[in-house]
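First up is the structure itself, then whatever we jot down about it.
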Amino acid sequence: MWMSGQHKRPADQGEGQTGIVTMSGGETAVLLDSERRGLQVYSPAGYCWTPKVGQRVLVIQGRGEIPCVVGARQDGDVPDKVDIQAKRLALDGDRVSVSGREGAALQGKRVELNGEVYVNGERLEELIARIVMALLGGG
């Protein structure tokens, strides 16, 4: 019968579908009408994230392309890791890295540091103590 063939209509090219992430990390897989593996994850330039297993995501497919994940449903859940890279800024969980040769990215900006502060891998307190000792001739 004609209607039985219409039960599950596959998504048209470019049409979005939502699904649940079943694999994350090295290979991303999403359960849509069936599980799709090896999906690429797209995001705005400079922003990098990995969807979590169980997360609801939006998947689209261009003409002749492999389906790709283009976003996640906003449900108040905070990602485990988000990298934002703009030449001199990177956020990684509980770590923020700000770097640059001339410091131009920070010029005229207020920077507040809370928590443990490291300068080139050395705790700030230890760095200050080492500099003071060197100035006083004790090391």
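The values are calculated or read from the model by the stated rules, or taken from the named source; none is laboratory data. Everything numeric in this text was worked out from a predicted model, so none of it was measured. Glycine also receives a Cβ, built like all others from the backbone with ideal geometry; neighbour counts cover every protein chain displayed. Protein only, heavy atoms only, side chains kept; ligands, DNA and RNA dropped before computing areas. Shrake-Rupley method; radii C 1.70, N 1.55, O 1.52, S 1.80 Å.
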Which numbered condition trips up Val69, out of (1) open to solvent by 70 Å² or more (accessible area, probe 1.4 Å); (2) at pLDDT 75 or above; (3) touching a strand residue (DSSP E or B) at 6+ places or on another chain (Cβ under 9 Å)?
-> (1)
Note on Gly38: of the conditions (1) free of Cβ contacts under 8 Å to residues at least 40 places away in the same chain; (2) open to solvent by less than 60 Å² (accessible area, probe 1.4 Å); (3) closer than 16 Å to Glu15 by Cβ, unmet is (3)
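When residues of segment 53-66 are filtered for being open to solvent by 40 Å² or more (accessible area, probe 1.4 Å), modelled with pLDDT of 90 or more and out of contact with any Lys or Arg (no Cβ under 7 Å at 6 or more places or on another chain), how many remain? Please lay out each step first, then the result.
First pass over segment 53-66, keeping only residues open to solvent by 40 Å² or more (accessible area, probe 1.4 Å): 53-54, 56, 58, 60-61, 63-66.
Right, trim to modelled with pLDDT of 90 or more and you get 53-54, 56, 58, 60.
Filter once more, keeping what is out of contact with any Lys or Arg (no Cβ under 7 Å at 6 or more places or on another chain): 53-54, 58, 60.
Number satisfying all stated conditions: 4.
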Residue that is open to solvent by 80 Å² or more (accessible area, probe 1.4 Å) and at pLDDT 70 or above, where the choices are Ile84, Ile128 | Ile128
